[in-house]
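Novice: Attaching a single structure in structure tokens format; questions to follow.
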Amino acid sequence: MTQSLPASIDAAAALLAGQGYVSDRALSTVVFLSLKLGRPLFLEGEAGTGKTEIAKALAAALGRRLIRLQCYEGLDAASAVADWNFAAQMIAIRTAEATGGADRGALRTELFTEDYLIERPLLQAMRPQPGGAPVLLIDELDRTDEPFEAFLLEALSDFQVTIPELGTIRAPEPPLVILTSNRTREVHDALKRRCLYHWVDYPDFPREARILAARVPEAQEVLGREIVAFVQRLRREDLFKRPGVAETIDWAKCLLALDVIELSPELIADTLGALLKYQDDIQKIQGSEARRLLDEARRDLAPA
């Protein structure tokens, strides 16, 4: 069911909260403005801080289709917009040759119609959708290269794409665009200027505790607070990759699967693979370090 766009910042926060996404005031504000003004929203931050989940939550809350373009090195316009179904075209050519039913000019015209077109995410987002304009998620833009950025700049400026054989296809209603970047490289300023910008940081303790309660409601409050306090302490360590909110949620689910009631250094050591993804980081937090961090986390939770 399609939902109208939020009429205020508080309504935007409530919209996200309804999908289990706990946002702070700054994020709720920029989401509201992006929807109100029809501007793309550029979200930058460390991996695992919830950037992609914002797009998913918005699409679900608004009842819109989510179209995701997952970026990668070497991504080009054809892979992002559309491609031709060469196998079907070859079958049509062989059939025409066997029957002798079409001249070359007519066959060429017939082969490059939408019947043989494979639509990729950017073209799909330009098409009318049931329930209104879709949410277009351009995920991990920093993985692409500058030529694709330049192409994307043009596409998002006019919300249209050009296919040489078919012409220009323009969106009747611009999609709701969210771009994300893990900042493995700098995205060009020209593209950022087309967007509203927000840095998605690691949440503070109260917000992360609310996030965990919303995403893993079966976790007891005492255990949940202990999990969050430990992860907050862990992020202060000199690690190659600090755990994000996604890892906090994964770890909580792992601990619940083990019927854990409270944390212990031994249990932490056994389940660190849910939090840390590099062996050097895991080795650094083994043994006495795990005990130290747990003790510090419990001190943080102790009443003043």
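The values are calculated or read from the model by the stated rules, or taken from the named source; none is laboratory data. Since the structure is predicted, the reported quantities are computational estimates derived from the model, not experimental observations. Note that each Cβ is placed from the backbone with ideal geometry, even for glycine, and that neighbours are counted across all protein chains shown. Note: accessible area is taken over every heavy atom of the protein model, side chains too, but ligands, DNA and RNA are not part of it. Shrake-Rupley method; radii C 1.70, N 1.55, O 1.52, S 1.80 Å.
Novice: Exactly one condition in (1) in a loop (DSSP other than H, G, I, E, B); (2) open to solvent by 50 Å² or more (accessible area, probe 1.4 Å); (3) under 30 Å from residue 151 (Cβ atoms) is false for residue 187; which is it?
Specialist: Looking at each condition in turn, residue 187 falls short on (2).
Novice: Scan segment 246-260 and report the pairs whose first residue is touching a residue at least 60 places away in the same chain (Cβ under 8 Å) and whose second residue is in a helix (DSSP H, G or I), with Cβ atoms within less than 8 Å and a gap of 6+ or a chain change.
Specialist: From residues that are touching a residue at least 60 places away in the same chain (Cβ under 8 Å), the pairs are 247/231; 247/274.
Novice: Does segment 17-29 hold any residues that are surrounded by fewer than 21 Cβ atoms within 10 Å (Cβ to Cβ) and touching a residue at least 40 places away in the same chain (Cβ under 8 Å), and which are they?
Specialist: Step one: of segment 17-29, the residues surrounded by fewer than 21 Cβ atoms within 10 Å (Cβ to Cβ) are 17-20, 24-26, 29.
Of everything in segment 17-29, those that are surrounded by fewer than 21 Cβ atoms within 10 Å (Cβ to Cβ) and touching a residue at least 40 places away in the same chain (Cβ under 8 Å) turn out to be 17, 18, 19, 20, 24, 26.
Novice: Now a separate question. Filter segment 160-184 down to the residues that are farther than 23 Å from residue 57 by Cβ and open to solvent by less than 30 Å² (accessible area, probe 1.4 Å) and list them by number. Break it down into steps so the answer makes sense when it comes.
Specialist: Taking segment 160-184 first, the residues farther than 23 Å from residue 57 by Cβ are 160-170, 172, 184.
Scanning segment 160-184 gives 161, 163, 167, 169.
Novice: Any residue at all in segment 73-88 that's open to solvent by 50 Å² or more (accessible area, probe 1.4 Å), modelled with pLDDT of 95 or more and touching a Ser or Thr at 6+ places or on another chain (Cβ under 9 Å)?
Specialist: Taking every residue of segment 73-88 in turn, none turns out to be open to solvent by 50 Å² or more (accessible area, probe 1.4 Å), modelled with pLDDT of 95 or more and touching a Ser or Thr at 6+ places or on another chain (Cβ under 9 Å).
Novice: In segment 35-48, which residues are open to solvent by less than 10 Å² (accessible area, probe 1.4 Å) and either small (Gly, Ala, Ser) or touching a Phe, Trp or Tyr at 6+ places or on another chain (Cβ under 6 Å) (or both)?
Specialist: 42, 44, 45
Novice: Run down 25, 68, 94 and say which single residue is under 21 Å from residue 194 (Cβ atoms) and of a type in the set (Lys, Arg).
Specialist: Values: 25 fails: under 21 Å from residue 194 (Cβ atoms); 94 fails: under 21 Å from residue 194 (Cβ atoms).
So the residue among 25, 68, 94 that is under 21 Å from residue 194 (Cβ atoms) and of a type in the set (Lys, Arg) is 68.
Novice: The conditions are (1) open to solvent by less than 10 Å² (accessible area, probe 1.4 Å); (2) at pLDDT below 90, and residue 153 fails exactly one of them. Which is it?
Specialist: Here residue 153 clears every test but (1).
Novice: While we're on this one: Residues 257, 246, 252: which one is open to solvent by 20 Å² or more (accessible area, probe 1.4 Å) and within 18 Å of residue 208 (Cα to Cα)?
Specialist: Numbers: 257 fails: within 18 Å of residue 208 (Cα to Cα); 252 fails: open to solvent by 20 Å² or more (accessible area, probe 1.4 Å).
Only one candidate passes the filter, namely 246.
Novice: Against the definition (open to solvent by less than 30 Å² (accessible area, probe 1.4 Å), in contact (Cβ under 8 Å) with a residue 24 or more places away in the chain and not β-branched (Val, Ile, Thr)), how does residue 272 come out, yes or no?
Specialist: Working: open to solvent by less than 30 Å² (accessible area, probe 1.4 Å): yes; in contact (Cβ under 8 Å) with a residue 24 or more places away in the chain: no; not β-branched (Val, Ile, Thr): yes.
So residue 272 does not fit the description; no.
Novice: Going through segment 110-149 one residue at a time, which ones are within 21 Å of the chain's Cα centre (by Cα), outside any loop (DSSP other than H, G, I, E, B) and either of a type in the set (S, T, N, Q) or modelled with pLDDT under 90 (or both)?
Specialist: If the condition is that a residue be within 21 Å of the chain's Cα centre (by Cα), outside any loop (DSSP other than H, G, I, E, B) and either of a type in the set (S, T, N, Q) or modelled with pLDDT under 90 (or both), then 124, 146 are the ones that fit.
Novice: If you check 217, 203, which single one turns out to be closer than 24 Å to residue 15 by Cα and open to solvent by 80 Å² or more (accessible area, probe 1.4 Å)? First the steps, then the outcome.
Specialist: On the way: 203 fails: open to solvent by 80 Å² or more (accessible area, probe 1.4 Å).
Only one candidate passes the filter, namely 217.
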